[in-house]
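Beneath this line is the structure, given in structure tokens, with notes to follow.
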Amino acid sequence: MANTASAKKAVRKIARRTAVNKARRSQMRTYVKKVEEALAAGNAAAAAAALTDAEPRMMRAAQKGIVHKNTAARKVSRLAARVRTLMGQKKPA
């Protein structure tokens with residue numbers, strides 16, 4: 001248990017940050033799920049629109065330290081590749 005004033009304050013700060021990070025992570029996952037659902041339904045237009053919404057949220061989560069930047073980049077890349085495949089486009093050079 002924290003027994004100094006600074007340690008008690010640190011516990012409060014950590015609790016606040018944890019709540020914010022949980023909300024951001026949840027929001028990111030929700031938007032990724034929307035892309036996944038559109039891909040599963042085979043709806044290319046909806047998948048592309050959902051990816052457009054999801055990408056900035058994923059990269060912002062990486063910026064804020066919620067996920068590693070390479071993890072976010074990898075997820076965006078893989079989702080984008082799946083959307084391109086669904087749309088019948090080839091990989092850009």
(message) Report the Cα-based extents of the range 5-87 along its three principal axes, largest first, to the nearest Å.
(response) 58, 21, 14
(message) My understanding is that a pair violates if its Cα-Cα distance is over 18 Å; which of LYS13/LYS64; LYS22/LYS64; LYS69/LYS90 do that in this structure?
(response) LYS69/LYS90
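So what is the calculated 222 nm ellipticity per residue for the chain, using -39500 (n - 2.57) for each DSSP H run with n of 4 or more, over all residues, to the nearest 500 deg cm²/dmol?
When only DSSP H runs of four or more count, the value is -29000 deg cm²/dmol.
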(request) Provide the net charge surrounding TYR31, with neighbours chosen by a C-beta distance below 14 Å and charges set as Lys +1, Arg +1, Asp -1, Glu -1. (result) +4
(request) Identify the trypsin sites (Lys or Arg not before Pro) of the range 7-93 meeting these criteria: DSSP loop state and at most 14 other C-beta atoms within 10 Å of the C-beta. (result) LYS64, LYS90
(request) Report ³J(HN,Hα) in whole Hz for each residue of the range 23-29, in order, from the Karplus equation J = 6.51 cos²θ - 1.76 cosθ + 1.60 where θ = phi - 60°; Gly and Pro get x. (result) 5, 5, 5, 5, 4, 4, 4
(request) Mind pulling the angle between the C-alpha long axis of helix 69-87 and the longest principal axis of the chain? Nearest 10 degrees, somewhere in 0 to 90. (result) 20 degrees
(message) Relative contact order for the range 1-66: what percent, with Cα pairs under 8 Å and sequence separation of 6 or more?
(response) 31 percent
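Bear in mind that the values in this text are calculations on the coordinates, not laboratory data. The structure presented is a predicted model; accordingly, all values stated were derived computationally and were not measured. Glycine also receives a Cβ, built like all others from the backbone with ideal geometry; neighbour counts cover every protein chain displayed.
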